[in-house]
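Have a look at the structure below before the remarks.
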Amino acid sequence: MRKLGLSVMLAISIGAATSALSQSAAPTVDPAWKASEVIEFIGLKKGDKVADIVAGRLTASLAQAVGPSGKVYAVETAEIVKAHPDSVVHMKALASQSPNVIVSEDPIASPLPSGLDAVFIRQNYHDLYDKFMGPADVPAFNKTVFAALKPGGVYVVLDHAAVAGSGIGATETLHRIDPARVKSDALAAGFKLDGESFILANSADDHTKNVFDASVRGHTDQFLFRFKKPK
C-alpha cells in the first residue's frame with residue numbers, strides 16, 4: 001500500500017486539475033510542474049490521441065493541447081482505484097467538463113486504445129514495480145504501450161531520479177527509480193531513445209530522501225525521457 005502522503009498528493013493533484021479545467025479554457029497549474037514545457041517536449045498537436053497513465057496533474061493540460069478533435073485516455077488502473085478510490089472520482093469530474101477526456105479503470109495488464117500518438121506517465125513509472133500494483137509485469141506493460149502507439153508515436157516517462165546504479169531498489173522506499181533502468185526497460189521493449197529534457201533536474205537533490213520528505217518535496221531531481229516507436 002502506498003503511504004498516506006502519496007494518497008493525499010494524488011487527490012490534491014487531480015482535484016487541482018479538475019478545478020483548473022472547469023474554471024478556464026487554459027488550465028492553471030503549479031508553475032513548478034513545467035506543464036507547458038512538458039507538453040512541448042511530448043510534441044502533442046491538435047487532434048492527437050494520448051494515454052495518460054495514472055492520470056492526474058497534467059491531464060487538463062493534455063486535453064487542452066490535443067483540443068476537441070483529440071482524445072486523452074485517462075488511465076487510472078484498477079490497482080490505483082483500489083488503493084485510492086477518490087482518484088477515479090476526481091478524474092470523472094474532470095472528464096464531465098471536457099468530452100475529449102475518456103476515463104478508464106482497467107487493470108494495469110489490460111490493453112490500451114490503439115492508434116495512439118503518445119503515452120505519458122508522470123511520476124508513476126516507479127510504481128509499476130511496487131507491491132500495490134501487483135507488482136506489474138513491467139516488460140509486458142511496456143510492450144503493451146509499444147503495441148498501442150502508431151509507428152513514430154512517443155512514450156514519455158517523467159519520474160523522480162534515484163541514485164545511479166540502484167535500479168529498482170528505491171521504488172517502494174523512496175518512490176524513486178534509477179533513470180538508467182527506465183531507459184533499459186524501454187529499449188528492451190523495442191523503443192528508441194528520442195529525447196531527454198533537464199527542465200525538472202535538480203543537482204541539489206542527493207537522491208537519498210523519500211520524495212515526500214519536506215526538505216525535497218516538490219524539488220526532487222526528475223528525469224524526462226521521450227522514446228519513439230520506430231516507423
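Laboratory data are not the source of any read-out in this text; all were calculated from the coordinates shown. Remember, it's a predicted structure, so these values are computed and weren't measured experimentally. Because the Cβ atoms are built from the backbone with ideal geometry, glycine has one as well, and the counts that use them run over all protein chains shown.
Bridgeable aspartates and glutamates around Lys209 (alpha carbons under 17 Å apart, same-chain partners fewer than 8 residues away excluded): Asp127, Asp159, Glu172, Asp178, Asp221.
Applying 1/(1 + (r/R0)^6) with R0 = 30 Å to the Cβ-Cβ distance of Phe132 and Ser69 gives a FRET efficiency near 0.25. For Ala78 and Lys231, the difference between the fully extended length at 0.36 nm per residue and the C-alpha to C-alpha distance is 51.9 nm. Estimated purely from DSSP H runs of n ≥ 4, each contributing -39500 (n - 2.57), the mean residue ellipticity at 222 nm for the chain is -9500 deg cm²/dmol once divided by its residues. Taking 0.36 nm per residue of separation and subtracting the Cα-Cα distance, full extension of the segment from Ala201 to Ser96 would add 34.4 nm. In the chain, the DSSP beta bridges split such that about 40 percent are antiparallel, to the nearest 5. Of all lysines in the structure, the ones whose alpha carbon falls short of 29 Å from that of Lys46, not counting any fewer than 8 places away in one chain, are Lys34, Lys71, Lys92, Lys143, Lys150, Lys183, Lys192, Lys228, Lys229, Lys231. Amide H to amide H, with H built 1.01 Å from N, Leu116 comes under 5 Å of Leu149, Lys150, counting only residues 5 or more places away or on other chains. Say each of Thr173 and His219 gets a label point 7 Å from the Cα, pointing the same way as Cα to Cβ; how far apart are those two points in nm? The two pseudo-label positions are separated by 2.4 nm. Available extension along the chain between Ala32 and Ala164 is 45.1 nm, counting 0.36 nm per residue and deducting the alpha carbon span.
Near Ala188, once Lys and Arg are set to +1 and Asp and Glu to -1 for all other residues with Cβ below 11 Å from its Cβ, the sum equals +2. A Förster radius of 30 Å, combined with the Cβ-Cβ distance separating Leu187 from Asp106, puts the computed FRET efficiency at roughly 0.70.
Sequence-distant contacts, meaning Cα pairs under 8 Å at least 6 residues apart, place the relative contact order of the chain at 17 percent.
Could you give the size of the charge dipole of segment 4-228 about its Cα centre, using +1 on the Cβ of each K and R and -1 on the Cβ of each D and E, expressed in debye and rounded to the nearest 20?
That gives a dipole near 540 debye.
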